[in-house]
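Colleague: Can you read through this structure? Questions will come right after.
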Amino acid sequence: MLPLVYLSKTITNPIYSRAHPDHMTKKDAQLGRELMIDELKTTVKYENMADQADDKGTAEVIRDVADEEKVHTGEGAAIVAANDKRATPAMKEGLKEASEHIPSFKEVFDHPEKF
């Protein structure tokens, strides 16, 4: 759930949605999206590796690395939000819709300041 929490904080923060309005570029927004895709794929790979580890310590280290990739995914979301003025409202709407179907996420959406 870390990426969703991070993402909800990112897109509800007006600093990100209005960051450098004169410098918004499609190229940078696309780079942010590509970063998110790569980091999400890497996260899944690391989580699968952790599930395969025989040693609990090894699994814990790999899961820690996977968690770092989730932070990078959030940073990619911030890049997108800063460079695509239509992305922030769309992401907010997606989070709202998800919160309607995922009860455990509703609290995060309704009160992001708690997380």
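Colleague: For the residue pair D64 and K96, what label-to-label distance in nm results when each label sits 7 Å from Cα along the Cα-to-beta-carbon direction?
Modeller: 4.0 nm
Colleague: Using each residue's phi in the stretch 52-67, evaluate 6.51 cos²θ - 1.76 cosθ + 1.60 at θ = phi - 60° and report the 3J(HN,Hα) Karplus result to the nearest Hz, with x for Gly and Pro.
Modeller: Calculated HN-Hα couplings, in order: 8, 5, 7, 8, 4, x, 4, 4, 5, 5, 5, 5, 5, 5, 4, 4 Hz.
Colleague: Using only C-alpha positions, report the orientation-averaged shadow area of the convex hull of the stretch 21-87, nm², one decimal.
Modeller: So the mean shadow area of the Cα hull is 4.3 nm².
Colleague: Starting from the Cα of D38, step 7 Å along the direction of its Cβ; do the same at Q52; then give the gap between the two resulting points in nm.
Modeller: Rounded to a tenth, the inter-label distance reads 2.2 nm.
Read-outs: derived from the displayed coordinates by stated rules, not from any lab. Here the structure is a predicted model, which is why all the values come from computation and not from measurement. Neighbour counts run over all protein chains shown; Cβ positions are idealised from the backbone, glycine included.
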